[in-house]
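Here's the structure we're looking at; comments come further down.
Rule-based calculations on the coordinates, nothing more; no lab input. Predicted model, so just to flag it, every value in this text is computed and none were measured. Here the Cβ positions follow ideal geometry from the backbone for every residue, glycine too, while neighbour counts run over all protein chains shown.
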Amino acid sequence: MTSRLKAALGRPELRHEWHQFRLLSRDSVRRLLDSVLVARDADPMLFALWFMALAMTPPLLVAAPKFVQYAFLKKAPAALVLQIATAERAFFILYGMLATALLAALTWDALFPDRTDQEIVGALPVRPRTLAGARLAAALGVGTAFAAAISLPAAFIYSAASSTHPLIGAFPRVLAAHVIATMMACACTFLGLMSLRAIVVMCAGERVADRLALVLQFVTIVMLVETFLFLPSVLPNIIEALLRDHASYAWAPPVWFTALFLWIAEGNSVLGSHVFKAVSVTATVTVLVFVVSLLPAAWIGRRVLEVRSRERATGVATLARSFALLWVRGPVVRSLFMFGVSSLVRSRRHTIQLATYFGMAIAVGVLKLLPPLLSLRGSLVLDAPRAYTIAVPLVLMFFAVFGLRAAFSIPTELDANWVLRLVQPTVRESVRASRWLIVMLGVAPIAIVWLLFTLAMWPAQTALGASALILVTGLVLTELALSNWTKVPFASAHEPATETLKSKAAWYTTALLMYQFILSELQFRALQSWRTTITHLAVGVVLVIAIRTWRAHMLRSRTPTFDVISSETTTLNLSEALS
Amino acid sequence: MLDMIDVSKSYRGVAAVRMLSLSARPGQVVGLLGPNGSGKSTTVKMLIGLLRPSRGQIRWQGEDIQPQLLDYQRLVGYVPEEPRLYAYLKAPEYLELVGGLHGIEHRTLRQRINRYLELFGLEHDTEAPMSAFSKGMRQKVLLSAALLHDPEIVILDEPSSGLDVAFTLILRRLVMTLAARGKTIIYSSHEMDMVEKICNDVVILHRGHVVAHDSVTRLRELVHAASLEDVFAALAVDQDVDRIGTELATVAAE
């Protein structure tokens with residue numbers, strides 16, 4: 001058998017195909033890193049910082065403090081120790097799964113051969129299956145490296161900390177359990193999502209798969225933020241319920257891998273029935289990803305070339321056109337507005353960026369809702385104004401306005417901006433177009449949804465007052481966001497991130513906390529009488545007028561910025577601080 | 001001999017090419033002409049095996065290419081219409097990838113790459129990613145990639161796009177020399193002057209059909225035209241070019 005295998009591998013065509021596979025795999029890894037993780041105009045240092053934050057948070061913030069915790073738990077009852085250890089292990093597993101899902105969402109496009117691949121490699125003597133196999137191998141390589149980076153540091157520290165307790169297994173065993181359970185959880189997530197993508201592409205096409213990536217990114221960001229900010233405080237309660245009645249949680253994949261962790265670390269079979277699920281589901285998705293990626297490779301390759309691209313988001317563009325004709329005055333402003341809408345809805349990079357902001361908004365927005373929702377502090381009241389409900393649209397507005405402003409800064413096709421350079425719109429026109437874009441795509445939809453919600457839940461007068469307050473708050477925020485805006489949306493150069501990694505985080509965090517906690521309380525109080533509501537609205541309108549007047553004065557002689565002006569970057573550069 | 005026999009191609013029921021037949025012998029340069037949307041790109045993509053015909057056959061040396069597609073593709077060198085390449089790679093890296101996929105031994109490949117880069121004047125641009133390249137520079141890389149493995153069939157789709165005058169002249173000499181060495185060459189272009197000078201035979205496509213397939217001289221005689229451009233205008237141009245041109249110049253002034 002071995003000699004036959006050797007003979008088969010010795011065949012020149014198989015050797016050549018293996019050589020092709022290696023070349024394409026190497027190129028695929030580069031492409032994956034270049035086009036998705038380290039985009040051309042992204043700063044590698046910034047990317048490294050984000051990656052370090054993602055990888056080092058579990059070991060440093062969660063695992064390291066456990067040395068002290070387990071020292072204090074030496075004399076605690078066994079049931080309590082088990083509950084705490086299970087909760088912590090569930091956290092590591094859930095975190096790994098979410099981080100891997102985020103990686104899958106970010107690398108969505110580069111996981112499988114696309115049109116460019118077909119046009120470049122398809123013309124060469126390369127089997128479609130070799131190309132698909134190389135892409136798959138690269139994705140698996142990157143996924144494994146990522147999962148290892150996420151899991152291993154925490155595994156070492158946490159195993160060392162927890163295994164000091166006599167009820168917890170020995171260090172090597174806990175370490176092995178941690179690594180196996182978290183890596184398998186990550187693999188199951190990554191391979192499952194890759195299989196899902198391949199199946200969606202086969203059954204519904206690339207467009208639906210694209211939309212799925214946005215949803216996935218949005219969901220993972222929401223869940224990652226919630227996992228960090230909220231889960232540690234409620235997880236022990238969830239685990240207590242799980243240990244009491246684990247059959248009710250049999251649907252949750254983190255439970256399966258937590259069971260696997262417990263089983264390997266201490267031979268604990270309290271959740272034993274789920275161990276088999278962890279192993280069998282991981283094995284199934286592993287086989288599935290090979291089947292759905294390799295078998296239809298030739299068919300998918302041909303289909304990619306034969307399907308003609310269609311216009312994306314036709315509905316939004318038509319709606320925006322009608323809106324612009326009715327409301328936006330001036331041909332230049334209208335053109336810039338329409339260009340902005342089309343760029344935003346048809347550029348994948350920008351929609352992904354907005355999905356990230358939206359995910360953050362939802363995650364942060366519901367933070368005030370969760371304690372009453374989970375009955376940790378009172379109960380959730382929806383049929384009357386409360387500060388925690390008002391906080392939700394405020395936070396959404398905050399992220400929508402600044403998310404859109406951030407998206408405007410990134411050009412779609414920088415080389416094509418010559419047409420705008422020739423026409424040279426004024427800064428005033430550019431600001432007007434940007435304002436309409438933010439109002440139409442961010443402020444107005446949130447205010448309308450909020451109005452519908454409050455009309456359904458609250459008395460009409462209170463609902464109208466609350467919605468007016470949210471609308472005016474959004475307009476003030478829009479004026480603040482555009483106070484020093486001199487670019488043309490989607491057409492001006494984006495400063496390289498190395499130069500622009502600014503120390504504005506503190507400013508944004510303070511502003512966000514003000515919005516979420518102080519302003520929501522203020523608006524809640526303002527809604528107590530119509531007089532205070534009117535006063536708040538009047539203050540908002542005065543602020544809008546004041547900022548617009550000030551900006552008109554400051555920017556009256558400015559021309560739009562198309563190129564990067566390095567002298568404007570005066571804020572602290574964290575990249576340099578690290579070097 | 002490369003033959004397309006009664007080839008048709010439809011995209012979701014919409015015909016792009018209908019009952020197309022053409023042939024090209026070794027040593028011959030066949031020009032592929034046609035207005036936008038005439039089916040040129042689809043024809044080229046079928047010729048290189050990227051697309052499979054809905055009907056008909058493409059044959060090389062009398063054999064259908066589909067059952068032995070990989071063997072056929074080993075013989076093909078292709079320059080695409082759009083300068084599609086992995087722009088994050090440097091030119092030598094890209095050529096190493098393509099040459100490696102063709103199975104060229106590393107040392108030979110390095111020598112050939114250096115020679116091509118030198119001849120195309122790219123030897124000082126080997127450290128820059130191709131994303132920073134001009135259209136002409138990318139076209140030179142694509143030409144190098146198409147020739148690296150000394151192909152028997154060379155399919156060029158708008159190869160002079162972005163090239164300056166000197167390199168357009170070099171390209172002309174290159175195509176003629178390849179033909180003299182017995183290569184089969186398909187040259188798709190909108191540049192009548194170039195096609196007239198280098199092609200033995202010309203195929204004119206119009207709405208997915210072949211409307212002419214003969215030598216330039218014979219076509220000129222048949223249509224009583226002074227140049228290939230006039231032949232093309234007579235066979236493949238539906239529009240009233242004078243009227244549209246005049247109106248285009250005055251639309252904004254009305």
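When the alpha carbon coordinates of segment B:22-161 are projected onto the principal axes, the ranges are 46, 35, 27 Å, largest first. Its alpha carbons considered, the protein assembly as shown gives a radius of gyration followed by a Dmax of 31.9, 106 Å. Amide H contacts under 5 Å for B:K90: B:M130, restricted to partners 5 or more places along the chain or on a different chain, H placed in the peptide plane at 1.01 Å from N. Backbone amide hydrogens, once placed in the peptide plane, bring B:V210 within less than 5 Å of B:S21, excluding anything fewer than 5 places away on its chain. Charged neighbours of B:E229, selected by a Cβ distance under 13 Å, balance to -2 (K, R count +1; D, E count -1). Per-residue Cβ neighbour counts within 10 Å put A:H165, A:H178 in the sequence A:H165, A:H178, beginning with the fewest. Rounded to whole numbers, the Karplus 3J(HN,Hα) couplings from phi for segment A:181-191 are 5, 6, 5, 5, 4, 5, 4, 4, 5, 5, 5 Hz, using 6.51 cos²θ - 1.76 cosθ + 1.60 with θ = phi - 60°, and x at Gly and Pro.
Per Stokes-Einstein, at 20 °C and 1.002 mPa s, what whole-number D in µm² s⁻¹ belongs to segment B:58-116, with the Kirkwood radius over Cα pairs as the hydrodynamic radius?
Details: Rh = 13.4 Å.
Result for D is 160 µm²/s.
Computed from backbone phi, the HN-Hα couplings of segment B:233-243 come to 4, 6, 9, 10, 10, 8, 6, 7, 4, 5, 5 Hz, rounded to whole numbers (Karplus: 6.51 cos²θ - 1.76 cosθ + 1.60, θ = phi - 60°; Gly and Pro given as x).
Chain B: Rg/Rh from Cα coordinates, Kirkwood Rh? My calculation of the ratio gives 0.99.
Whole-Hz Karplus values for segment A:87-95 come out as 4, 5, 5, 4, 4, 4, 5, 4, 4 Hz, taken residue by residue from phi with 6.51 cos²θ - 1.76 cosθ + 1.60 and θ = phi - 60°; glycine and proline positions read x. Pairwise Cα distances in segment B:179-254 exceed 22 Å in 36 percent of cases.
Using alpha carbons only, how many angstrom separate the centre of segment A:54-99 from the centre of segment A:279-348? For segment A:54-99 versus segment A:279-348, the Cα centre distance is 41 Å.
Across q = 0.13 Å⁻¹, segment B:123-180 modelled as identical point scatterers on its alpha-carbon atoms has Debye log10 I(q)/I(0) values of -0.36, in the order of the q list.
When Lys and Arg each count +1 and Asp and Glu each count -1, what net charge do the other residues less than 12 Å away from B:I104, Cβ to Cβ, add up to? It works out to a net charge of +1. Segment B:176-251 and segment B:1-37 have Cα centres separated by 15 Å.
What percent does the relative contact order of chain B come to when contacts are Cα pairs within less than 8 Å and at least six residues apart?
Details: 433 pairs, mean separation 67.0, N = 254.
Reported as a whole number, the value is 26 percent.
Neighbours of A:L437, meaning other residues whose beta-carbon lies under 13 angstrom from its beta-carbon, give a summed charge of +4 when Lys and Arg score +1 and Asp and Glu score -1.
Among A:C188, A:C203, what is the fewest-to-most ranking by other Cβ atoms within 10 Å?
Working: A:C188 23, A:C203 9.
The order, fewest Cβ neighbours first, is A:C203, A:C188.
At q = 0.12, 0.28 Å⁻¹, what is the log10 ratio I(q)/I(0) for segment B:17-73, with the Debye formula run over Cα points and no solvent? Evaluating at q = 0.12, 0.28 Å⁻¹ gives log10 I(q)/I(0) of -0.29, -1.41.
Give me the one-decimal Kirkwood hydrodynamic radius in Å for segment A:255-356, with the sum taken over alpha-carbon pairs.
Working: mean 1/r = 0.0528 Å⁻¹.
Taking the inverse mean of 1/r over all distinct Cα pairs, segment A:255-356 comes out at 18.9 Å.
Past 27 Å, Cα to Cα, is the threshold; run A:K487/B:K140; B:K40/B:K90; B:K40/B:K183; A:K277/A:K368 against it and keep the listed order. Table pairs above 27 Å Cα-Cα are A:K487/B:K140; B:K40/B:K90; A:K277/A:K368. Taking the helices alone, the protein assembly as shown has a mean residue ellipticity at 222 nm of -20000 deg cm²/dmol, built from -39,500 (n - 2.57) per DSSP H run of at least 4 residues and averaged over all its residues.
Fewest-first ordering of B:M19, A:M223 by other beta carbons within 10 Å of each residue's beta carbon gives B:M19, A:M223. Between amide H atoms placed 1.01 Å from N, distances below 5 Å from B:K183 occur with B:G27, all of them 5 or more places distant or on a separate chain.
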